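Participant: Shown below is the structure under consideration.
Only the coordinates and a few stated rules stand behind these numbers; no lab work does. As the structure is a prediction and not an experimental result, all values here were calculated from the model. Cβ placement follows ideal geometry from the backbone for every residue including glycine, while neighbour counts extend to all protein chains displayed.
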Amino acid sequence: LLPSQLASTRILATLTPAQLAGALAEAIHASAPGMDGAGQGRADRALDTRVMEQLAEALGDQVTPARLAAATRAALGLAAGPNAVLTPAEQGHIATQLFPGAYRRQIEPALARIEAFLTDLARHADPQPDPSPQDAGTGPAAYLTCLALEPSAHTARTEALAALAVQWLTVQVTASRDPAPAVIVAGADDLTRAHLERLADACERRRVP
């Protein structure tokens, strides 16, 4: 169930830093004007993706929503807080060197937008301890994986989580190997058409029903 069990699903851990940055940008703009066409919405998505890619690159191999949120706050010049997840070197580099002054002023709206989304997401997506060797296993993949949003009124958070789940699913379908999986989406009318079309295209290419 999302968002309360997001961390235990470990779905975000299966994405590369670049995939995570792209998926988060798509989720943030899931209901934005221009999502299904050209215009300012597409430009903002492209900018948010690039900014998150730069933040992810600064974090090296340890990229999580919590660390991305902290990196975004550092880029905005905000204090690290008592539960810092960045090293002092990372904090200093991102705050003073990653984005030159003029460029940072231009991307401040993107940084603020990203920080608002990631701070909320990070509360549910903090990584859990690695499973023990006997739990990790090398056996076959699960027969069924079901992701469902907890019953609630529609909010910006639930819309973004649904979009993020579809982005994750699209990546998994694209990267999957035989036997081909099957995909079922319930409540598809609540999802962005562009995201569903990309998932459908991925399924068609992989001959996934």
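Participant: If you average 1/r over every pair of different alpha-carbon atoms in the chain and take one over that average, what Kirkwood value in Å do you get?
Facilitator: 18.2 Å
Participant: Just subtract the alpha-carbon distance of HIS124 and GLN5 from 0.36 nm times their residue separation and send over the number in nm, one decimal.
Facilitator: Values: separation 119, 0.36 × 119 = 42.84 nm, distance 0.72 nm.
Net length gain for the segment: 42.1 nm.
Participant: At what distance in nm do the modelled label points of ALA182 and ALA89 sit from each other, each positioned 7 Å from its Cα along Cα→Cβ?
Facilitator: Going from the ALA182 label point to the ALA89 one covers 5.1 nm.
Participant: Let me ask another. Could I have the simple spin-label model distance between CYS146 and ALA175, label points 7 Å from Cα toward Cβ, reported in nm to one decimal?
Facilitator: Between CYS146 and ALA175, the simple spin-label model gives 2.5 nm.
Participant: Here is a further query. Which value in nm describes the separation of the simple spin-label points at ASP190 and ALA46, placed 7 Å from the Cα toward the beta carbon?
Facilitator: Calculated label separation equals 3.2 nm.
Participant: Report, by chain and number, residues whose modeled amide H sits under 5 Å from the one on LEU2, excluding near sequence neighbours (fewer than 5 apart, same chain).
Facilitator: Correct list: ALA148, LEU149, GLU150.
Participant: Follow-up question, since we're still on this one. What are the ³J(HN,Hα) values, in whole Hz, obtained from phi via the Karplus relation 6.51 cos²θ - 1.76 cosθ + 1.60 with θ = phi - 60°, for each residue of the range 48-53 in sequence order, with x given for Gly and Pro?
Facilitator: Along the range 48-53, the couplings run 4, 4, 5, 4, 5, 4 Hz.
Participant: May I ask you to evaluate 6.51 cos²θ - 1.76 cosθ + 1.60, the Karplus curve with θ = phi - 60°, for each residue of the range 200-209 and list the ³J(HN,Hα) values in order in whole Hz, giving x for glycine and proline?
Facilitator: Taking θ as phi minus 60°, the curve returns 4, 5, 5, 5, 5, 4, 8, 6, 9, x Hz for the range 200-209.
Participant: So, R0 is 22 Å and r is the distance between the beta-carbons of GLU57 and ARG104; what FRET efficiency does that work out to, to 0.05?
Facilitator: The value I calculate is 0.85.
Participant: Per residue of the range 162-170, in order, report the coupling 6.51 cos²θ - 1.76 cosθ + 1.60 (Karplus, θ = phi - 60°) as ³J(HN,Hα) in whole Hz, putting x for Gly and Pro.
Facilitator: Going residue by residue, I get 4, 5, 5, 5, 5, 4, 4, 4, 4 Hz, with x marking Gly and Pro.
Participant: Considering Cα pairs under 8 angstrom that are at least six residues apart, work out the relative contact order of the chain and quote it in whole percent. Spell out each step's value before the answer.
Facilitator: Values: 208 pairs, mean separation 60.6, N = 209.
Once divided by the residue count of the chain, the mean separation gives 29 percent.
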